[in-house]
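S.K.: Starting off with a structure, shown below.
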Amino acid sequence: MLRFRNKLSSCSAAIIRDLHRLRADRRGTVAIMAGLLMVPLVGSMAVGFEVSYWYMTKRAMQNAADAAVIAAATNGTSNYATEAKAVAAQYGFTDGSNNVTVTASNSASCPGGGSTCYSVTITDTVPLYLSQVVGFKGDTTLNSAAAKSLTSTAVATQGTVSVSLCLLALASSGTNPGILGNGSPHADLTGCNVMSNTGATCHGHNLNATDGLAHGTDNNCGITEYSNVPTVSDPYSGLASNIPTNTCASYPQEPTSKKAPALPASNQLSGSYSWSDNVMMCGDVQLTGNVTINASGSGAVLVIENGQLDSNGYTFQTAAGSGLTVVFSGTAGSYTHAPTGGGTFDIAAPTSGTWSGVAMYQDPSLTSGVDVTYAGNSPTWDMTGLVYMPHASVTFKGAVNKSSNGQSCFVLVVDNITIDGTGDILSRGSCGAAGLSMPAASVPARGQLVL
């Protein structure tokens, strides 16, 4: 019995010693903790991997949306959406393929107000993998399985660039096309940009104009064509307020028959004249010899009320250092308010003052007797500056060169124009030095991201 007790006591002591050693032994602790934490660790890594994948995918989508919306805004035409989708596809996001959708709009809200911006939105649906371990169920389904929807949107505005014009058809009469080229294979408007506030159509030849612009459709007028351009407001109509008050009592007209009275001497010009400020003549004015105008200061203004300026085969010119503006004004009626004759108008516009850069000006209140046919010799136009005929239908067949004593600058503003034959504008490139602020239009340029 004593031996049994001693053995039991010895076993108990051994067990107690083993328990003490076990309690003090920390080997295997990490393995146990790792086993307990394996599920949350795997879940966290899964979420991390998938979130990283989502971020990389969205970054690629955003790059594609940015490029696509810039392309759409730069395109600016009715096929802007096709352009946007084509660019997105180049980045690997093809509309309707692999769960991808690409949508484009040209009436998106702009950050600064209005709804004229372009937008492109790309959406993609990606399946879930390990993130479901922690219970994430996504926000949509793909093939009946949980999935995540990713979206990227970009907004851009259409950029514009200002283009100076040497030919502007205001088309206030509604004439369409405002610019018409009738098989003009020899027309040369090189270095010139043309604009019509309606349409522009050139048959057989693009006029060699650098840019052809139209508010409607530009059809072959210009080496580079722009349609749907915003209209250009008449930039020179306000000058009419500077036309002096009409003081004429009568308006003698050139005789149309042998029995009609001849023009009085006051309506005939020949020789040299020194003019300053305003010179008013009533009725038709006819040259009976070559005329040279010397104008001091900022130039002179010849106002012809209810009459034409008939060169009558002679030369009407400005002297070196002189500037002249010829203004046709008066009332609507049977009068001709335009240059006529078979000689030469060799005129340089003033380079400063109220009429700076303006060589010839038809009062915008005139709507009849204003049409002009320019054939290059009836009379020849050697002009520096602006020729403004806002309600005239002009037929343009000849060449315009710069004046003998002026800069290389010629700008023509009309209601509408038909260009036949040559139709050359040879004077261009120095309107700033000639004192003329040229009309300008806005054409589409590279789109600009705004969001």
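S.K.: In the range 254-273, what residues are modelled with pLDDT under 95 and within 46 Å of the chain's Cα centre (by Cα)?
M.R.: Once the filter is applied, which keeps residues that are modelled with pLDDT under 95 and within 46 Å of the chain's Cα centre (by Cα), the range 254-273 yields nothing.
S.K.: Related question: When the range 292-321 is examined, which residues are found to be among the small types (Gly, Ala, Ser) and surrounded by fewer than 22 Cβ atoms within 10 Å (Cβ to Cβ)?
M.R.: SER296, GLY297, SER298, GLY313, ALA319, ALA320, GLY321
S.K.: Give ALA440, ALA392 a once-over and let me know the one that is over 27 Å from ALA332 (Cα atoms), of a type in the set (A, V, I, L, M) and touching a residue at least 12 places away in the same chain (Cβ under 8 Å).
M.R.: Criteria check complete, one pass: ALA440.
S.K.: Output the number of the condition that SER196 fails; it satisfies all remaining conditions of (1) of a type outside the set (A, V, I, L, M, F, W, C); (2) under 26 Å from SER430 (Cβ atoms); (3) at pLDDT below 95; (4) touching a strand residue (DSSP E or B) at 6+ places or on another chain (Cβ under 7 Å).
M.R.: Only one criterion is unmet by SER196, namely (3).
S.K.: Continuing with this model, one more query. Here are the criteria: (1) more than 26 Å from PRO390 (Cβ to Cβ); (2) open to solvent by less than 20 Å² (accessible area, probe 1.4 Å); (3) among the β-branched types (Val, Ile, Thr). Tell me which single one ILE179 does not satisfy.
M.R.: All conditions are met except number (1).
S.K.: For the subset of the range 199-218 comprising residues that are at positive phi and surrounded by fewer than 21 Cβ atoms within 10 Å (Cβ to Cβ), which member is modelled with the lowest pLDDT?
M.R.: My answer is GLY204.
S.K.: Which of the following residues is touching a helix residue (DSSP H, G or I) at 6+ places or on another chain (Cβ under 6 Å), farther than 16 Å from ILE293 by Cβ and of a type in the set (Val, Ile, Thr): THR336, THR340, THR331, THR354?
M.R.: Testing whether each residue is touching a helix residue (DSSP H, G or I) at 6+ places or on another chain (Cβ under 6 Å), farther than 16 Å from ILE293 by Cβ and of a type in the set (Val, Ile, Thr) leaves just THR354.
S.K.: What is the number of the single condition among (1) within 28 Å of the chain's Cα centre (by Cα); (2) on the phi > 0 side of the Ramachandran plot; (3) among the small types (Gly, Ala, Ser) that ALA359 does not meet?
M.R.: (2)
S.K.: Which of the residues that make up the range 107-139 are open to solvent by less than 50 Å² (accessible area, probe 1.4 Å) and of a type in the set (Ser, Thr, Tyr)?
M.R.: Selection gives TYR118, SER119, THR121, THR123, THR125, SER131.
The values are calculated or read from the model by the stated rules, or taken from the named source; none is laboratory data. Please read all numbers here as calculations on a predicted model, not as lab measurements. All Cβ positions, even for glycine, are placed from backbone atoms using ideal geometry, and neighbour counts span all protein chains on display. SASA here: full protein model, heavy atoms, side chains in, ligands and nucleic acids out. Shrake-Rupley method; radii C 1.70, N 1.55, O 1.52, S 1.80 Å.
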